[in-house]
Amino acid sequence: MDRKRAELHIRFTEKAAVEPQTLMRMVARNAKRGAQFTPQGLLKYPLTAARPDEILLEIRELLADLAPEPPNA
């Protein structure tokens, strides 16, 4: 994971525990803001926050959105 100015870059491998449908829905919802998922497995996600604490919160929320649902016990 890297941040390039106002954009977060997350590289996914084939073994990533992220559902492809979840990832594609998130990209589609944010495409007008510039979200992209490249064929090389790189998510480019635009950040809206400016302050460091807000950036970290935004990244945490993004990762929570991408996390797999816990299995029902």
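The values are calculated or read from the model by the stated rules, or taken from the named source; none is laboratory data. Because the structure is predicted, anything quoted here is derived from the model rather than measured. Here the Cβ is made from the backbone with ideal geometry for all residues, glycine too, and neighbour counts use every protein chain on show.
Restricting attention to segment 17-39, the residues that are assigned to a loop (DSSP other than H, G, I, E, B) and in contact (Cβ under 8 Å) with a residue 24 or more places away in the chain add up to 4.
Filtering segment 43-52 for residues that are within 10 Å of the chain's Cα centre (by Cα) and among the hydroxyl-bearing types (S, T, Y) leaves a non-empty set.
Please verify whether T13 is assigned to a helix (DSSP H, G or I), modelled with pLDDT under 95 and among the polar types (S, T, N, Q), treating the condition exactly as stated. Walk me through it before giving the result.
Working: assigned to a helix (DSSP H, G or I): no; modelled with pLDDT under 95: yes; among the polar types (S, T, N, Q): yes.
When the stated conditions are applied, T13 does not pass them.
For L8, the test of being modelled with pLDDT of 90 or more, surrounded by 13 or more Cβ atoms within 10 Å (Cβ to Cβ) and either touching a Leu at 6+ places or on another chain (Cβ under 9 Å) or not hydrophobic (A, V, I, L, M, F, W, C) (or both) is passed. Go through the residues of segment 53-62 one by one and say whether even a single one is loosely packed, with under 11 Cβ neighbours inside 10 Å, at pLDDT 90 or above, over 13 Å from the mean Cα position of the chain (by Cα) and not in a strand (DSSP E or B). Yes, because at least one residue in segment 53-62 is loosely packed, with under 11 Cβ neighbours inside 10 Å, at pLDDT 90 or above, over 13 Å from the mean Cα position of the chain (by Cα) and not in a strand (DSSP E or B). Selection of segment 4-55 for residues being farther than 28 Å from P70 by Cα and among the charged types (D, E, K, R) yields K4, R5, E7, K32, R33, R51.
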